[in-house]
Amino acid sequence: MKLCGIEAGGTKFVCGISDENGKLSEQISFPTTSPEETLKQCQAFILKHQPDALGIASFGPIDLNVNSPHYGYITTTPKPNWAYVNILGSMREVYAGPIGFDTDVNGAALGESLWGKAQDVDSCLYITIGTGIGGGFVSNNQCLHGLVHPEMGHMHVATLSVSDGVCPYHHNCWEGLASGPALEKRWGMKASELSVDHPAWKEEARLIGEALSTLICVLSPERILLGGGVMHQTQLFPMIRLVVKERLNGYIAHPSILTMDEHYITAPGLGDEAGLLGACALGLNAYNQR
Ligand code: ADP
Ligand code: ZN
């Protein structure tokens, strides 16, 4: 089977072809310029490969309500020229087969469930901590939607240690306090250049651990995968696990939480390909549900 994935990011788009086992055979990447130019490049890729299904995993916010006049659009993004762009409709112009459309993080959670580190469980929470913070949740291969889609990065996170957030909407939401740009504003240097033992990481682990504890209480995920640029700081993983364990304080009496070994909160299995394979996975879901 030939699955085409489009990973639509604010800085770059990646298009690729995978089979139904998540094996990639081809991929191209190009910078996100104007919608006209960028979407034409995606159309050309689809026309060239003639896939059995297409998946689009997009930056947001996006409209996932099939009854909405703006279904398939990127909606209120501050990215210049990209607000209210009909990304799904544009691909429909050249492709009549099954199309799956979802957030980049829901796609990544689905990809990990099908082919990555969440294959052995029924539910998976995928969080990216990079330029922003976003979360996707998949249960029994279904991505979680609601009014729109989850906006986990914009939840309030309890902290007494910092109040210098960068989110233009909420100031001190999780993304405002713990994204890469938040770290860079607070410490006045690139996050990648903060030394491994810098106090920034203890605070970062606390912010991430507090938020994950809330998400565990709400969603009860069987696995949590943390991706994105900031999580290249792998020393964060054991620190985050400790915060979560302490915060939940034995109340959730499940071995995953009580033991908190390295399997419950961990790095994505699909690595740098998590985004693109997530898009391909959305295509496979659309194919199976056609
Ligand atoms: P995006 O979120 O834009 O898709 P990334 O997930 O790569 O992209 O996140 C980029 C952000 O992650 C940068 O703004 C930077 O602050 C941070 N970052 C990138 N690499 C590292 C690193 N090695 N250590 C810590 N932070 C990093
Ligand atoms: Zn916010």
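The values are calculated or read from the model by the stated rules, or taken from the named source; none is laboratory data. Nothing here was measured: the structure is a model prediction, and the numbers come from that model. Counting neighbours? That spans all protein chains shown, and the Cβs are built from the backbone with ideal geometry, glycine included.
Residues in segment 62-98 that are among the aromatic types (Phe, Trp, Tyr) and closer than 23 Å to LEU3 by Cα: 3 in all. Of the helices (runs of 4 or more DSSP H) that lie entirely inside segment 154-224, those containing 2 or more residues that are closer than 26 Å to GLY116 by Cα and either within 12 Å of ligand 2 (Cβ to nearest atom) or not small (Gly, Ala, Ser) (or both) span 174-178, 199-219. Residues of segment 247-261 that are surrounded by 13 or more Cβ atoms within 10 Å (Cβ to Cβ) and either within 17 Å of ALA211 (Cα to Cα) or modelled with pLDDT under 95 (or both): ARG247, LEU248, ILE252, ILE257, MET260.
Can you confirm whether segment 43-60 contains a residue that is within 26 Å of PHE137 (Cα to Cα), among the small types (Gly, Ala, Ser) and at pLDDT below 95? Within segment 43-60 (the criterion being within 26 Å of PHE137 (Cα to Cα), among the small types (Gly, Ala, Ser) and at pLDDT below 95), the answer is yes, since at least one residue qualifies. Looking across segment 127-153, the residues that are within 17 Å of ASP104 (Cβ to Cβ), away from ligand 2 (no atom under 14 Å from the Cβ) and small (Gly, Ala, Ser) come down to GLY130, GLY136.
Checked against the criterion of being closer than 27 Å to THR77 by Cα and either charged (D, E, K, R) or touching a residue at least 40 places away in the same chain (Cβ under 8 Å) (or both), the candidates LEU177, LEU183 yield just one match: LEU183. Taking the conditions (1) within 16 Å of ligand 1 (Cβ to nearest atom); (2) of a type in the set (S, T, N, Q); (3) farther than 23 Å from PHE59 by Cα in turn, SER213 satisfies each one other than (1).
LEU219 passes every criterion in (1) without any contact (Cβ under 8 Å) to a residue 60 or more places away in the chain; (2) more than 15 Å from ligand 1 (Cβ to nearest atom); (3) within 27 Å of GLU262 (Cα to Cα) apart from (1). Does segment 233-244 contain at least one residue that is more than 21 Å from the chain's Cα centre (by Cα) and crowded, with 19+ Cβ neighbours inside 10 Å? The answer is yes, given that some residue of segment 233-244 is more than 21 Å from the chain's Cα centre (by Cα) and crowded, with 19+ Cβ neighbours inside 10 Å. For segment 150-180, the tally of residues that are within 12 Å of the chain's Cα centre (by Cα) and away from ligand 1 (no atom under 16 Å from the Cβ) stands at 1.
If you go through segment 38-89 and keep only what is over 19 Å from TYR287 (Cα atoms), more than 23 Å from the chain's Cα centre (by Cα) and not in a helix (DSSP H, G or I), you end up with ASN67, SER68, PRO69. Just to be sure before I move on: is LEU39 surrounded by 16 or more Cβ atoms within 10 Å (Cβ to Cβ), modelled with pLDDT of 95 or more, touching a strand residue (DSSP E or B) at 6+ places or on another chain (Cβ under 6 Å) and not polar (S, T, N, Q) in the structure I sent? Here the answer is no, as LEU39 does not meet what is asked.
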